[in-house]
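Undergrad: The structure's right below; bear with me while I get my questions together.
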Amino acid sequence: AQTVTQSQPEMSVQEAETVTLSCTYDTSESDYYLFWYKQPPSRQMILVIRQEAYKQQNATENRFSVNFQKAAKSFSLKISDSQLGDAAMYFCAYRSASGATNKLIFGTGTLLAVQP
Amino acid sequence: DGGITQSPKYLFRKEGQNVTLSCEQNLNHDAMYWYRQDPGQGLRLIYYSQIVNDFQKGDIAEGYSVSREKKESFPLTVTSAQKNPTAFYLCASTLGGAGKAKNIQYFGAGTRLSVL
């Protein structure tokens with residue numbers, strides 16, 4: 001069974017600085033998708049970025065980028081020029097590309113605080 | 001506006017009572033999901049449905065039931081058999097076609113269930 005591990009329960013960053021959130025996963029599959037979701041205090045889950053495992057190029061979305069290391073099964077999220085609105089719980093998630101469903105497997109989350 | 005609507009936002013359950021959480025989507029998505037979120041445990045899948053009149057158990061289905069009579073609706077019933085129902089419940093949906101990269105899961109705003 002696949003598992004997702006986020007080893008940093010809480011992180012803090014100064015406004016305008018850069019922070020990296022860690023995520024590792026375990027799978028025997030070769031084709032899959034990885035996601036970072038953001039959950040602000042409103043509790044609404046928002047997709048931040050996704051990575052397809054067959055793509056070597058790291059995904060980027062404006063100030064958000066990932067460092068995808070397939071061999072190491074690592075998928076970290078880098079937030080550049082941090083803003084107060086980035087404060088939220090961040091979840092890493094895995095989805096098989098070959099399964100019969102679009103089921104997501106989530107990590108336990110990292111709570112990010114942004115200091116003004 | 002297209003989206004996923006969960007109601008009510010807050011719900012209270014008495015001992016021995018069944019309660020139903022509503023989830024409606026107007027995204028024309030085929031698949032729908034229910035997740036439970038507890039502090040420090042991320043999101044865990046309760047039930048999912050890929051097509052009308054069909055649904056499957058997720059990882060923690062005991063004490064819950066669902067129905068999928070309409071494409072846009074996927075209500076979750078928390079039965080009296082669920083001894084620890086206090087949690088945040090999230091509904092999600094995807095376009096369908098398991099394994100496709102475009103099938104991002106979109107989430108509702110959630111329902112907070114508490115026991116009186």
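Undergrad: Using the Cα centre as the reference, give the magnitude of the dipole from point charges on the C-beta atoms of chain B (Lys, Arg: +1; Asp, Glu: -1; all else neutral), rounded to the nearest 20 debye.
TA: Approximately 160 debye in magnitude.
Undergrad: Give the aspartates and glutamates reachable from B:Lys83 as a straight Cα distance under 12 Å; neighbours fewer than 8 places away on the same chain don't count.
TA: List returned: B:Glu15, B:Glu62.
Undergrad: Compute the signed sum of charges (Lys and Arg +1, Asp and Glu -1) over the other residues within less than 12 Å, Cβ to Cβ, of A:Leu34.
TA: +2
Undergrad: Treating the beta-carbon of each Lys and Arg as +1 and of each Asp and Glu as -1, no other charges, what is the dipole magnitude of segment A:50-116 about its Cα centre, to the nearest 20 debye?
TA: 300 debye
Undergrad: Relative contact order for chain A: what is it in percent, counting Cα pairs under 8 Å that are at least 6 residues apart?
TA: About 37 percent, as a whole number.
Undergrad: Another question, then. For segment A:1-69, with only Lys/Arg (+1) and Asp/Glu (-1) charged at the beta-carbon, what is the dipole magnitude about the Cα centre, in debye rounded to 20?
TA: Value, rounded to 20: 200 debye.
Undergrad: Straight-line reach from A:Lys55: which lysines have a Cα under 29 Å away, not including same-chain ones fewer than 8 places off?
TA: A:Lys38, A:Lys70, A:Lys73, A:Lys78, A:Lys103, B:Lys100, B:Lys102
Just so you know, all these numbers are worked out from the coordinates, no wet-lab data involved. Treat the numbers as computed from the prediction; the structure is a model and nothing was measured. A quick note on method: Cβ atoms are made from the backbone with ideal geometry, for glycine too, and the neighbour counts reach across all protein chains shown.
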